[in-house]
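Since the structure comes first, as structure tokens, the remarks are kept for the end.
The values are calculated or read from the model by the stated rules, or taken from the named source; none is laboratory data. All values reported here derive from a predicted model rather than from experimental measurement. Virtual Cβ from ideal backbone geometry, glycine too; neighbours counted across all protein chains shown. Side chains are part of the model used for accessible areas, which takes the heavy atoms of the whole protein and leaves out ligands, DNA and RNA. Shrake-Rupley method; radii C 1.70, N 1.55, O 1.52, S 1.80 Å.
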Amino acid sequence: MANGATTNPLDPEEFRRQGHMVIDFIADYYKNIEKYPVLSQVEPGYLKKRLPTSAPFYPESIETILGDVQEHIVPGITHWQSPNYFAYFPSSGSIAGFLGEMLATGFNVVGFNWMSSPAATELESIVMDWLGQMLRLPKSFLFSGNGGGVLQGTTCEAILCTLVAARDRTLRIIGNENIGKLVVYCSDQTHCAFKKAAQIAGIHPDNFKVIPTTLSSSFSMSPKALRNTITADVEAGLVPIFLLATVGTTSTTAVDPLGPLCDVAKDYGMWVHVDAAYAGSICICPEFRHFIDGVEGANSFSFNAHKWFFTTLDCCCLWVKDPTALTQSLSTDPEYLKNKATESKQVVDYKDWQLALSRRFRSLKLWLVLRSYGVEKLRGFLRSHVKMAKLFQGFVEADERFEVVVPRNFATLCFRISPSALTTNNNAILSEINGSRRISDTSPKKMVTENELNNKLMDSINRSGRVYMTHSVVGGIFLLRFAVGASLTEESHVIEAWNVVKQQADIILNSHHSEF
């Protein structure tokens, strides 16, 4: 039934034929992925110029459509799965993750409560306990204790759900009319998702308190500064309810001291959520588990399996000690959803653990990843990425023009061209100017700052198409982030990335000198 002629949109044999074509297309994409510039080089609005202005009236064949995907869509993709992708944090994939996604999409169940698909609920509960055990989470976070885990879409959802639970827990005591007194806390390195969640949850903007961090403490949150801020707020008549602590911040992978922070929060009866979106994955390795020491004092913990755990987007793992706190805030009980299983209180209805009613069968892909690779192999994958980050760190430290800005904790390195390299360059320029009797021109050109130079370096690296990195600014320092975690990355790609960095630095530093 070529040319889309089938009369049934889910004809099994036509699905088999087209499905094989799509699998082949994706397999070829991965086989050839290094041929594409990692960062898409298209201009805004490019696709509108290439596609028709309206949908086709008659069916088009999958062959034609895939041809257009290759010609028009692929150029507009930034290739997150490229082995030369070192930007943001990884969105690592795997055969198991993809196949699990296919199974979930194929079954296409809407697992809002147990009745709607018992396997979807029960597998999720089992997998979340498996993963919690791998992380050595306290039993109080597991279904085998009195807690439990749920698969959200993203960390943003996990934060909002826990914040709403904490909000309502307090308002039930002090009254809804006092919502304007509620205060929440984080550091200046906390992901912006928390600010968004606070806005949605009705926290007054003035009551979103940010604790400053410093380079000297590697940008981790200070328990003393937190306590001082909370004390002042309580004296002002405000009510502290929620602290977000981070293990592996977005900018520098900084780690907040969970134990001491939880001790402070406990004194004020606050909810503590631990966001380990990136770094949680590697805590299945015993030598990294200490980064979440103190989690036993928290109320909830989350990490993104779709970041560095080879499970495709979206898949955020959230554990809570008190599921009732979630369900009291998020549950609904309309007549059309009433059923004997729910009324028996012997089942989990995950619709009451999340924002939306509808939910996907996410646990299938996580189950396939855990079973296909096992704990040992997953640890090996993660350790290999750390080893490659160490390799890149060695290159940076061996080149006197560069410096590591903050200590590396995991597989992300923050580095830059050092101020000393710039000072040497500027001094050489000034000497040349003075020697050419241009002293009367007191400011021939503005001396470039180290931040401007490093920004220029990052842009030139990314324009090359050979490597993709991103940046951050912390403590006034513009730094480049080199995040290893793409599934296809090998040591040869790290070596090539360093060569690109060196080449672009040579060009920039030399051109900076020659401008004068």
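Find the eigenvalues of the gyration tensor of the Cα atoms of the chain, then list the square roots of 5 times those eigenvalues as equivalent ellipsoid semi-axes, largest first, in whole angstrom. Mind showing how you got there, number by number?
Details: eigenvalues 346, 243, 88 Å².
After diagonalising the Cα gyration tensor, the semi-axes are 42, 35, 21 Å.
Which GluC sites (Glu not before Pro) does the stretch 1-77 hold that lie in a coil by DSSP with at most 16 other beta carbons within 10 Å? Intermediate results must be reported in sequence, preceding the final value.
Numbers: sites: E13, E14, E34, E60, E63, E71; in loops: E60.
When the GluC sites (Glu not before Pro) of the stretch 1-77 are filtered for loop state and at most 16 Cβ neighbours within 10 Å, E60 remain.
For the stretch 1-107, chymotrypsin sites (Phe, Trp or Tyr not before Pro) are listed when DSSP marks them as loop and at most 15 other Cβ atoms sit within 10 Å of their Cβ; the list is F57.
Here A119 and S372 are evaluated by their C-beta separation; at R0 = 22 Å the FRET efficiency comes out at 0.75.
Of the DSSP beta bridges with both residues in the chain, give the percent that are antiparallel, rounding to the nearest 5.
Numbers: 23 of 40 bridges.
Of the beta bridges lying entirely in the chain, close to 60 percent run antiparallel.
Just report the Cα centroid separation between the stretch 220-251 and the stretch 17-52, whole Å. Centre-to-centre (Cα) distance: 45 Å.
A crude spin-label estimate for the pair H20 and K49, with each label 7 Å from Cα along the Cβ direction, gives 3.9 nm. In the chain, the calculated helix contribution to ellipticity at 222 nm averages -14000 deg cm²/dmol per residue, counting -39,500 (n - 2.57) for every DSSP H run with n ≥ 4. Within the full protein context, the accessible area of C192 is estimated at about 100 Å² for a probe radius of 1.4 Å.
Given the convex hull over the Cα atoms of the stretch 346-392, what projected area results after averaging over all orientations, in nm²? Intermediate values should be presented prior to the final figure.
Details: hull surface 22.9 nm².
If I average the Cα hull's projected area over directions, I get 5.7 nm².
At 0.36 nm per residue, minus the direct Cα-Cα distance, what do K224 and L355 gain on full extension? Give it in nm, one decimal, please. Each step should come with its number before you reach the end.
Values: separation 131, 0.36 × 131 = 47.16 nm, distance 3.43 nm.
Full-extension gain reported as 43.7 nm.
About the Cα centre, and with charges only on the beta carbon of Lys, Arg (+1) and Asp, Glu (-1), how big is the dipole of the chain? Nearest 20 debye, please. Before the final figure, lay out the partial values.
Working: 48 positive and 51 negative charges, 93 e Å.
Dipole magnitude for the chain comes out near 440 debye.
So, counting K/R as plus one and D/E as minus one, what does the shell of residues with Cβ under 12 Å around F482 add up to?
Details: positive: K390, R408, R416, R481; negative: none.
Summing Lys and Arg as +1 and Asp and Glu as -1 gives +4.
So for M134, M469, M115, what's the accessible-area order with a 1.4 Å probe, most first? Can you show the working numbers first?
Values: M134 30, M469 0, M115 105 Å².
Largest to smallest exposure gives the sequence M115, M134, M469.
Pair-distance distribution of the stretch 31-158: all C-alpha pairs, bin width 10 Å, starting at 0; shares per bin in whole percent are 9, 24, 28, 23, 13, 3. Rolling a 1.4 Å probe across all protein chains gives I62 an accessible area of roughly 30 Å².
Leaving out ligands and nucleic acids, and using a 1.4 Å probe, what accessible area per residue does the chain come to in Å²? Present the calculation step by step, with values, prior to reporting the outcome.
On the way: 23960 Å² over 516 residues.
Per-residue accessible area for the chain comes out at 46 Å².
On the protein heavy atoms, probe 1.4 angstrom, tell me the percent of accessible surface of the chain carried by carbon and sulfur. Here it works out to 56 percent. Each other residue within a Cβ distance under 9 Å of G147 adds +1 if Lys or Arg and -1 if Asp or Glu, for a net charge of +1. Of the residues S82, S91, S358, the one with the largest accessible area comes first in the ranking S358, S91, S82, computed with a 1.4 Å probe on protein heavy atoms.
Over the stretch 76-210, how many pairs of lysines fall under 30 Å by alpha carbon, counting only those 8 or more apart in sequence or from different chains? Write down the numbers at each step before the final one.
Details: K181/K195; K181/K196; K181/K209; K195/K209; K196/K209.
For the stretch 76-210, qualifying lysine pairs total 5.
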